[in-house]
Amino acid sequence: MPKSATAHKHASSSTHAHPLAAELLLPADRDDSALSLRLKHYLKSEDITQVWEAYRYADQAHQGVVRKTGEPYISHPVSVACILADMHMDLPTIMAALLHDVVEDTDTTLADIEKQFNPKIASIIDGLTKIAGTFEYGTSQQAENFRKMLLTLSDDIRVILIKLADRLHNMRTLTSMAKEKQLKIASETIYLYAPLAHRLGLNAIKSELEDLGLKHTEPEAYKEIAEKLSESKRIRESFVDNFIKPIKKTLDERGLNYSIKGRPKSIFSIYNKIKKGNTPFEKIYDLFAVRVVLDVPVEREKSDCWEVYSVVTDHYRPNPSRLKDWVSTPKSNGYESLHTTVMSKPFAHDKEGRWVEVQIRSKRMDEIAEKGVAAHFKYKGTDTRTSEAFESWLSQVREAIEANDKSQSAVELVEDIKNSLYHEEVFVFSPKGKLIVLQSGATALDFAFEIHSEVGARCIGAKVGGKLVPLSHKLQNGDQIEILTSSKQKPSEDWLRIVFTTKAKAQIKNFIKEENKSHLIKGRDLIEQRLKHLGYPLLTLEITNQLRAYFNAKDANDLFYRFGKAYINIDQLKHWKLDRELHERKQAEKAIQAPIVDGKSFKKEMQQYHKERKESDTLLIGEDMDKVDYTLAKCCNPISGDEVFGFVTINEGIKIHRAACPNAPELLSRHGDRVIKAQWTSQIAMSFVVDLVIRGIDRVGLVNDVTRLISEKLQVNITALSIGVKDGLFEGQISLMVQDTDHLDSLSAEMEQVPGVIEVERKVS
């Protein structure tokens, strides 16, 4: 009889009742502890003995220290070690996880660790200590810390794996932190750590980080989806049982060894579907995927996966456009699987079929899909195809980091790398048939730089399938590309708008940098010579800064470059000299005028300067919750009742954003030091402009009914209105004056009662 497993009936993974919650955590060196039970599965007894040495050492070092949850501090590194043990990480990784906070938080030194254990453990902890506190300080520090974290990719990938496990446990216990801290950490997690986990192939960790991040950034949306998933659990399980029944019957007849299970999609992915597609939960049919995992030798993996595909499509009609073959061509992070989306038959209460994604893979592929790079430690040396693909991506990251000019904004590097983490891939070929994997969206110019930096720098065009295409041509799967070059060609800044990959951007910037050096030197020489004629013998720092301000240059190099390229005529220095002398005369005259001495005059001047707000402010800002000057961000239009935070801008003072603002993750992650607490009070009624999107079925008089309801019955001012109609459906935007979120909710509910109106929702941006 074939070996098979029935469908596993899991609650949504998104509820995150992680295993550790119900297990014995401390003391960790007990035979029945959570960590002990995990280690026994794959480590030798002598290795486990070494783990306990590290545990007792860390326990002693953290003695008496308590987490914000009220637990002994040692519970945190033990929990981190458990997460890594679930991934079957090696002995040094587990030991380093237990010791990862000892050097940073206690008097213990790296030398002590090396002496007590070994240099490898000390090296991993050193890498973790260097990146500790990522994103806690100023913007440049945040970016530099992320750069350091990425640099450890080229040194020891285990450093990042421990960092991700550390972040996962912190997210699981985030509710013990202050509300504003929760928002910062959760946004940072969604913005950077989840994409990094995704790129490293750590699917299980990525999904949990995303869901936990959403739980704290959009608590109401998270709760609503979680409840609906819970309510529909029994129905979904029944559907899966019916769906897999004929597939199981055929697979059993063919004697295949397999397991099959249905699993709901994460709350975060469902949330994105609802948000992007403007689709209610009830209308999302692909809420779950069915996965077939084959227990077969490596040499039979591919053929057996396609056999299962044949069985599935014999029973259910596939969507041809949704076939994804990552068995023949794995993703660059090593992911291998065969995906198809098929239409089910109506079962039980269903009146119509539903789209169901079916994933087909081997046991080895499944482990790599869930554990990503962590699984590479297990299969190292036996799975050359996936390890080569992963190493190729790592080398791209290293090149981008090494090529990045430290004089440039480190934030740019972070943004480029971050963008490369989530993007899908495109598979293309060289003229000789070599497979090259690039980010989806890559152009012919990206391909040229992928071949070689010199080929990219001299590229003038390309041929795809023998047809001439421009540099900006976006590549498609299966394209065979021939690059055309010219010795007279050289990169320009315009190319940065054409390329998509981090590697190409970095190499173009390097070429431009070298090209610009000569213009910088020429520009400085020209300025110095002309200033001597104007009576300034030396180009001092003070004069340089004055010239920068006068000519609106970003920095000194920008100033010299623009003069060197003749973008600024050297004769303009005469005008600068005349304006400088005029300014100095005015300053001298102002200095001898009578100063402001009385309080009333001073207050009047300051009111004029700051344009102070009236006493009707209803927003408290900062740690001391003071009333201070602010403006409402136009990107999200917060109103009274919204959960908000303050952001200290460089030129425009404090701006108030909704916690659900589309820009919130980036602001909170990249500029966490400039985020301050803010909350509404309910002392004084105020009015706020809010934009609503209204949709429904068109009919005669609909617009008139809506506007009459708002203006006459509800007594609300309409500041703007636009309605568009297509194929009998209408969609419009209405800008209204409302008092707070409660007022908005009741208003929306009233509008949805108008015949023909299907939904009313607040515009996000």
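Relative to the current alpha-carbon distance between VAL689 and GLU584, full extension at 0.36 nm per residue lengthens the span by 33.2 nm. In this structure the amide hydrogen of ILE676, modeled in the peptide plane, comes within under 5 Å of the amide hydrogens of GLY646, PHE647, VAL648, none closer than 5 places in sequence on its chain. All Cα-Cα separations within the range 433-574 were binned at 5 Å from zero, giving a P(r) of 2, 9, 17, 17, 11, 9, 9, 8, 8, 5, 3, 2, 1, 0, each value a whole percent of the pairs. Each peptide among 106-113, 661-668 gets the average number of other Cβ atoms lying within 10 Å of its residues, and from highest to lowest they stand as 661-668, 106-113. Charge tally for VAL760 (other residues, Cβ to Cβ under 12 Å; Lys, Arg +1; Asp, Glu -1): -4. Model label points for ARG67 and TYR42, set 7 angstrom from Cα along the Cα-to-Cβ axis, are 2.2 nm apart.
Applying a threshold of 31 Å to the alpha-carbon distances of LYS505/LYS577; LYS228/LYS324; LYS179/LYS331; LYS434/LYS490 flags LYS505/LYS577; LYS179/LYS331 as lying beyond it.
With 31 Å as the limit, write out which pairs from LYS463/LYS726; LYS215/LYS726; LYS233/LYS275; LYS509/LYS634 have Cα-Cα distances beyond it, or answer none. From the list (LYS463/LYS726; LYS215/LYS726; LYS233/LYS275; LYS509/LYS634), the Cα-Cα distance tops 31 Å for LYS463/LYS726; LYS215/LYS726; LYS509/LYS634.
Stretching the chain fully between LEU484 and SER472 yields a gain of 3.0 nm (0.36 nm per residue, less the alpha carbon separation).
The relative contact order of the range 511-591, computed from alpha carbon pairs under 8 Å that lie at least 6 residues apart in sequence, is 36 percent.
A Förster radius of 35 Å, combined with the Cβ-Cβ distance separating ASP558 from ILE676, puts the computed FRET efficiency at roughly 0.65. Between LYS115 and ASP252, the distance separating the two model label sites (each 7 Å from Cα on the Cα→Cβ line) works out to 6.5 nm.
May I ask which residue of PRO297, LEU256, VAL308 lies farthest towards the positive end of the charge dipole of the range 250-335, with charges of +1 (Lys, Arg) and -1 (Asp, Glu) on Cβ and the Cα centre as origin? So the residue we want is VAL308. So, counting K/R as plus one and D/E as minus one, what does the shell of residues with Cβ under 10 Å around TYR222 add up to? So the environment of TYR222 carries a net charge of -3. Karplus-based coupling profile of the range 504-510, in residue order and whole Hz: 5, 4, 4, 5, 4, 4, 5, with θ = phi - 60° in 6.51 cos²θ - 1.76 cosθ + 1.60 and x standing for Gly or Pro. Applying 0.36 nm per residue to the separation of SER303 and ASP494 and subtracting their alpha-carbon distance, the gain on full extension is 64.0 nm. Take 520-532, 483-495 and order them by the average number of nearby Cβ atoms within 10 Å per residue, most first; the result is 520-532, 483-495. Can you classify the range 228-379 as rounded, prolate or oblate using the Cα gyration tensor, where a ≥ b ≥ c are the square roots of its eigenvalues, rounded means a/c under 1.5, and otherwise it's prolate if a/b beats b/c and oblate if not? Oblate is the answer for the range 228-379, as a/c is 1.5 or above yet b/c matches or exceeds a/b.
Peptides 158-169, 315-326, 630-641, 299-310, ordered by how many other C-beta atoms sit within 10 Å of their residues on average, highest first, read 158-169, 630-641, 299-310, 315-326. If r is the Cβ-Cβ distance from ASN278 to LEU323 and R0 is 35 Å, what FRET efficiency results, to the nearest 0.05? Rounded to the nearest 0.05, the efficiency is 0.85. Taking a Cβ cut-off of under 11 Å around TYR73, the surrounding Lys, Arg, Asp and Glu residues balance to a net charge of -2, with basic ones at +1 and acidic ones at -1.
Each reported figure results from applying straightforward, stated rules to the coordinates on display, with no laboratory input. Remember, it's a predicted structure, so these values are computed and weren't measured experimentally. Note: ideal-geometry Cβ built from the backbone for every residue, glycine included; neighbour counts use all protein chains shown.
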